[in-house]
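Any read-out appearing in this document is the output of simple, stated calculations on the displayed coordinates, not a laboratory observation. Everything quoted here is computed from the prediction, not taken from an experiment. Here Cβ is always computed from backbone atoms with ideal geometry, including for glycine, and neighbour counts include all displayed protein chains.
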Amino acid sequence: MRIKRRAGRKIQIAAGVAALAVMFSAVLTFGYNPFQDNLGTVTSPIPVVAHWNSMPLAWLLNPDTPNSNVSNSNSGCNDTLATCIQNSLKAGFTTWSSATVTGQSLTTASAQYAGTSTLTTPVYNDCQNVIGFSDTNSGDFSTGTIAFTQVATVTAPSPTSVPFTYQCGDGSSRTCNYQDCIGDADMEFNPSVNFSISLTPPSGTFSLQSVATHEEGHMLGLDHSGIAHAVMFPYGDSTAAGQQTVLATDDAVGISFMYPSANFSTATGTISGQVFVSGSGVFGAHVVAMDANTGNAVVDGLTSPDGSYSLVGVPPGYYYVLALPLAPDSNTGVLSIDNFSGWDCGFAASTCSNIPQNPANYTGRYH
């Protein structure tokens, strides 16, 4: 197994993008840190999406909160704090497994609670997917990080050696039926940030279910979305506008692309094109498909080095396509190309010497 980690430093005010503008509070605007630059390998010229070999995803919980930073007040859950935490996490996973596009369930994604764990920090190769609140390693939480999900992948020795087996840290063997599989995922909530079981948390406090739903998207294999009202938008907030528990279409399309049901390809379509400036293709433009009737941002992606793009999984309808520039870095704008990393040799990898010539895509198709 191999893993790369990227520390996010995103503390600026986040404003909405695309068709729906949502202004976030200037206070406690934190950046999510997925720690997952490595969710896919490149078999030139076609990238490979890494996902779980099978469903359901089994997850464990360490419910200990040594900093007492999770509150159960006014939540409607009258059980123990550990059980209430477990219920919030289950609700987040149910949000993903219940995803619908135009009223249809197009995904086979699912998750199953598998018991408790005493793990306090992520272990990338134990094949145990643990969610916890006890990580006190200050290096794991860069400035502004609400929570992170550490994801490790395994890759076939060659394209022809599929399926293949790999070993976990305890010596047990697992099978991957694809060229690239997620082998382990651990989630940790920042012990210095206050969370609430309530879906309407008090000021300065984050909804546990909202943050969990975002991070569980990473756990299932999704990257970030550039649409501000999407669960997978890379910024959260302690205000109501910044805490999402209901999937946007982009989220639902992403999880359906990752784990499609039999009717996914026939129920959705593709929008393709190319972005030019002064006759030259534009690399890394943020492309948003907007519903022509409502003006809502539906799905988004990034252009490849020649300016081409392909938005897959688009619901039937009429769309306008909006192309927007990304900020050069996280200090000068809300969204930079680094928010959309995910390939082992992807757009944001500084060590990459051969950028893959593929159209970047929406949440779930790594760019």
(request) Compute the Cα gyration tensor for the range 223-310, then decide on rounded, prolate or oblate, letting a ≥ b ≥ c be the square roots of its eigenvalues: rounded whenever a/c is under 1.5, prolate when a/b is larger than b/c in the other cases, and oblate in all that remain. (result) oblate
(request) Taking every Cα atom in the range 30-261, find the radius of gyration and the maximum pairwise distance Dmax, and write them in Å. (result) 17.3, 55
(message) Counting each pair of different Cα atoms once, what's the Kirkwood radius of the range 268-335 in Å, rounded to one decimal?
(response) 12.6
(request) Rank-order 175-185, 51-61, 65-75, 318-328 by packing density, defined as the average count of other C-beta atoms within 10 Å over each peptide's residues, highest first. (result) 175-185, 51-61, 65-75, 318-328
(request) Report the label-to-label distance for THR100 and ASN67 in nanometres (one decimal), using points 7 Å from each Cα along the Cα→Cβ vector. (result) 3.9
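For the range 63-177, what is the Kirkwood hydrodynamic radius in Å, using each pair of distinct C-alpha atoms? Can you show the working numbers first?
On the way: mean 1/r = 0.0572 Å⁻¹.
For the range 63-177, the Kirkwood estimate is 17.5 Å.
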(request) Could you compute the FRET efficiency for ASP306 and THR332, with r as their C-beta to C-beta distance and R0 at 30 Å, rounded to 0.05? (result) 0.75
(message) Need the full-extension length gain, ASN293 to ASN263, defined as separation in residues times 0.36 nm minus the C-alpha distance. One decimal, nm.
(response) 8.3 nm
(request) Using 0.36 nm per residue of separation minus the Cα-Cα distance, give me the extension gain between THR160 and ARG174 in nm, one decimal. (result) 3.2 nm
